Each structure stands twice: as C-alpha cells, then as structure tokens.
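Written out below as structure tokens is the structure these notes cover.
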Amino acid sequence: MFGTGSISFEVQSRREGRWLIEGAYTDQESALSAARSQLAAPGVDEAKVVKFRTVAGLSLETVILHKTAVRSQHKGLTLGGTAEGAPLCREPDDLRSFESRVVIGRLLRPYLDAQRVTPTELLHSWPLFRRLDEQGALLGAAIHAIARHHADLHGVSHAARARELRQLVEAVTGAARDALAERRRLPRFDADDLPATSRRIFEAVGEAGHDALFLTLLSQHLESGGPLAGKLDLLLAMMGDGAVPRHLALLDGVVADVMGSADTVKELLGPQASLHDGLCALADGLFDRDPDPALAPMAASLRRVCRLAFQGRAPQSRSVLVDRLRRSIATDQPLDRRDAKAEGALTRGLADRLKGADGLTLGGAGMEKALEGRLLRHRQTVLRAQGMHDIADRLSAR
C-alpha cells in the first residue's frame, strides 16, 4: 500500500560516555562490518547499528546490532596509536609510501612487534597480510581509524573513505598474492650484488615495476632475519659505501620501519639509567658525536643508522628517530624517576644537547615546542607543590 520506502543504516560508537555517529550506510553488511571494526578501536566502549526505514513520511528506527567491546589481554588485537598524519592515499603506491607506512606502523605497532615484521613486509608479503586479516577486526579497525581521520580533516564521507581504503588494501595485497604465486619465476634476489638484482628486475617488469618487486624480493630475503634487530643487520649490510642512491632509498625506508618500533630502539640503545640518558645517547648518535662514556653504549647497528642519517644517506630513518625524540620529550614521563627535582635542569641540558654546531635545534620548531612544554609542566608541578594552584593554572592559559 505504501511501497517499500527508503532504508539506511547508521553506525554509532560510545567513547568516554558519549555516543558518536561514525558513518551512514545504504547496505546492512557494510554497516555491520564497520560496527564490528569499531569494537576493536581504542577508546570505544560500545558500538551499535541503527536501521532507519522511511515509509509514507514516517521514520521507523530499529537497533539491529548493539555490542560492548571486549578488551583482550593480547596486545596484538588492539590498535597501538592514532591515525595522525595519514596521507589521503588514492593509488596503491600511495599506500606503500613512507608517510603511509609511518601511520601503519603506529596503528599496528603491538601486532607488528609481536610478529616481528615491518610495515613494508606486511604490504609486500601475502602470507604476512593474510595472518593479519585472520586477526578478525584489527585490519578493519585500522582502516576505519584512518577513514575517520580523513573525514575529520578533509570533510570527506567516513563510509566512502573506508571503502576506498579497503579497495587500496586489496589492490596492494593482491599484487603481493600474485608475486607469491609466481615466486619460483621471480628474479633472484642477491643481497651481495644489488645492481645485478635490479637488472634482472628491469628485464622482468621494466622501470615502473622495479621498486615494488624489489621490496617484495627484499621482504622474502628478510624472512631469515628473525627479530627486527636481526633484520636491521641484514639491511645495513646492503647499505655499504658502494650502494647506489636508488637502493639506499629503498633500504632506508625499511630501516625507518624498524626504527618505528620503540621496543627495538630501546633494545638497541642499551640499558640506559634514565629517559634523559637514553635521549642524550640518541641525540649524540644523530649528531655523530663520540659516545659519552657516562652513558651506556648503544648497539653498533643503531650507531650505524645514526651515522647514515647524519651523512644524509638515510633521511627517512633520520625523520623517524627525530620524531621519536620529540614524542618522548612531549610525554609526561620524568626524565629521571630517581630525582624529580632535577627535571628542569635536565630539560635545559637536553635542549643544549639537541643543538648542533650551527646552534640550531635538531627537529626544529616541533622539538623546541616539546621542550618548552616539558619545562612548563615542570614549573606547574613546582608551583602546585607550593600551593600556588591558580598561578600554575594561569600558565596553561598563556
């Protein structure tokens, strides 16, 4: 009598006690998939799908899914960070780019560390990607986190952006699946003769397909590296003085992936006595200074990465390590837990340590802002300890 009317679906999530609309969909399966992905995202307590049906001017509302997030003790089943800085990828190569891999590394860090793989390997190895896909909602949660970031930043549709990202992921991983099927017919990867490897790749796929196939073959080679620190040794062995710029850039990208792992960097820094000492050791390395005998010696491989960065031969690794310094300084973790009163002096000393011979601060304005923020928090702590809460609060408003 009235016809079928129109049907739509709305995905909602509850964060910090507030319900938020995450996206609108025209088909039920897409809405249910998006809601399940929300349940794996950090900060989400509940998710539901509401079906709206409009008939003859009347709107009928039905909740077809309502679930509470179950927090697993297994770190690999949750996202490890935010989608901050995610580029607006349109092509498969955009998803493989350095900027994208930094965000992938941040979002999937607990999983990647547990599996001992890098974002580059994940994007170029079908077995590794399939293992991730089998984790249930983790991949979907990462896709929706990025889609939400793009929706907030660029005003695009969350649902449409999630579909586009899923298609990009399928295109990239489809290429990896095809490479696995052709593995026996692929060019041989010779870690001791990369120019010869590139010549064979050019003959097989031409100039345009070189980098993707090189990284696919490199990912297969890294399978024997074991933990990330072991893979780093394999990569550095290929980055000798004779390495050509194209190979250096590709290898540097994977080294930067390794440097994105906080656990691996801590391991390579050695048993430093405090956060301050660890940051000083890393800063000295990035300036290629002689090791400070007062600090625990860092691993030779990390020093080698820092030297390559200082020489301008590993710009991506340098960017990741500098950002790690900045993020560590921006946290609330004290520079030395043994002496909270020394926070101000240690911060000022660290600021001096971060200046090069030209007087400029490593990391530029971003690093200076992080240092100023740490000094501000220290001043507020001192003022509040003396009962001057109003003055401390006013400092935040400046």
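Check region 191-210 and report whether any residue there is of a type outside the set (A, V, I, L, M) and closer than 29 Å to Ala114 by Cα.
First pass over region 191-210, keeping only residues of a type outside the set (A, V, I, L, M): 192-193, 195, 197-200, 202-203, 206-207, 209-210.
If we keep only those that are closer than 29 Å to Ala114 by Cα as well, we get none.
Within region 191-210, not a single residue is of a type outside the set (A, V, I, L, M) and closer than 29 Å to Ala114 by Cα.
Residue selection: Lys355 satisfies the criterion of being touching a strand residue (DSSP E or B) at 6+ places or on another chain (Cβ under 7 Å) and either modelled with pLDDT of 90 or more or open to solvent by 60 Å² or more (accessible area, probe 1.4 Å) (or both).
Taking region 328-339 as the range and being free of Cβ contacts under 8 Å to residues at least 40 places away in the same chain and assigned to a helix (DSSP H, G or I) as the test, no residue passes. The lone criterion from (1) under 21 Å from Asp94 (Cβ atoms); (2) of a type outside the set (Val, Ile, Thr); (3) open to solvent by 70 Å² or more (accessible area, probe 1.4 Å); (4) without any contact (Cβ under 8 Å) to a residue 24 or more places away in the chain left unmet by Gly209 is number (3).
Taking the condition of being assigned to a helix (DSSP H, G or I) and either at pLDDT 95 or above or not charged (D, E, K, R) (or both), how many residues in region 223-232 meet it?
At the first step, the residues of region 223-232 found to be assigned to a helix (DSSP H, G or I) are 223-225, 228-232.
In the following step, the residues that additionally are either at pLDDT 95 or above or not charged (D, E, K, R) (or both) were identified as 224-225, 228-230, 232.
Residues in region 223-232 being assigned to a helix (DSSP H, G or I) and either at pLDDT 95 or above or not charged (D, E, K, R) (or both): 6 in total.
The residues of region 310-333 that are closer than 30 Å to Arg377 by Cβ and small (Gly, Ala, Ser), listed by number, are Ser317, Ser319, Ser328, Ala330.
The set of residues in region 219-246 being under 23 Å from the mean Cα position of the chain (by Cα) and within 20 Å of Leu308 (Cα to Cα) consists of Leu228, Ala229, Gly230, Lys231, Leu232, Asp233, Leu234, Leu235, Leu236. Quick one: is Val169 surrounded by 14 or more Cβ atoms within 10 Å (Cβ to Cβ) and free of Cβ contacts under 8 Å to residues at least 24 places away in the same chain? It is false that Val169 is surrounded by 14 or more Cβ atoms within 10 Å (Cβ to Cβ) and free of Cβ contacts under 8 Å to residues at least 24 places away in the same chain.
Where in region 241-326 are there helices (runs of 4 or more DSSP H), lying wholly inside it, with at least 1 residues that are over 30 Å from Leu213 (Cβ atoms) and either at pLDDT 95 or above or open to solvent by less than 50 Å² (accessible area, probe 1.4 Å) (or both)?
Values: elements: 245-259, 262-269, 275-286, 300-310.
Passing ranges, in order: 262-269, 275-286, 300-310.
Close contacts from region 103-119, counting a first residue that is more than 21 Å from Leu235 (Cα to Cα) and at pLDDT below 90 and a second that is assigned to a helix (DSSP H, G or I) and hydrophobic (A, V, I, L, M, F, W, C), with Cβ to Cβ under 8 Å and a gap of 6+ residues or different chains, come to none at all.
Total residues in region 105-131 satisfying the condition of being crowded, with 24+ Cβ neighbours inside 10 Å and either in a helix (DSSP H, G or I) or touching an Asp or Glu at 6+ places or on another chain (Cβ under 6 Å) (or both): the figure is 10. Among the criteria (1) in contact (Cβ under 8 Å) with a residue 12 or more places away in the chain; (2) surrounded by fewer than 18 Cβ atoms within 10 Å (Cβ to Cβ), the one Gln38 does not fulfil is (2).
Could you tell me which of the residues Ala137, Ala179, Ala147, Ala204 is surrounded by 13 or more Cβ atoms within 10 Å (Cβ to Cβ) and touching a Pro at 6+ places or on another chain (Cβ under 7 Å)?
Working: Ala137 fails: touching a Pro at 6+ places or on another chain (Cβ under 7 Å); Ala179 fails: touching a Pro at 6+ places or on another chain (Cβ under 7 Å); Ala147 fails: touching a Pro at 6+ places or on another chain (Cβ under 7 Å).
Checking each option against the conditions leaves just Ala204.
This table checks each residue for (1) part of a loop (DSSP other than H, G, I, E, B); (2) modelled with pLDDT of 80 or more; (3) not small (Gly, Ala, Ser).
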site	(1), (2), (3)
Val11	no, yes, yes
Trp19	no, yes, yes
Gly23	no, yes, no
Ser30	no, no, no
Ala35	no, yes, no
Pro42	yes, no, yes
Arg53	no, yes, yes
Glu61	no, yes, yes
His66	no, yes, yes
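Against the test of being out of contact with any strand residue (DSSP E or B) (no Cβ under 9 Å at 6 or more places or on another chain), open to solvent by 70 Å² or more (accessible area, probe 1.4 Å) and either among the hydrophobic types (A, V, I, L, M, F, W, C) or not in a helix (DSSP H, G or I) (or both), the options Ala392, Ala365, Ala370 yield a single qualifying residue, Ala365. Among the residues of region 4-32, those identified as over 16 Å from Thr62 (Cβ atoms) and surrounded by 19 or more Cβ atoms within 10 Å (Cβ to Cβ) are Ser13, Glu22, Gly23.
The values are calculated or read from the model by the stated rules, or taken from the named source; none is laboratory data. Everything numeric here is computed off the predicted structure, so don't read it as measured data. Counting neighbours? That spans all protein chains shown, and the Cβs are built from the backbone with ideal geometry, glycine included. Heads up: the accessible areas ignore ligands, DNA and RNA and are worked out on the full protein's heavy atoms, side chains in. Shrake-Rupley method; radii C 1.70, N 1.55, O 1.52, S 1.80 Å.
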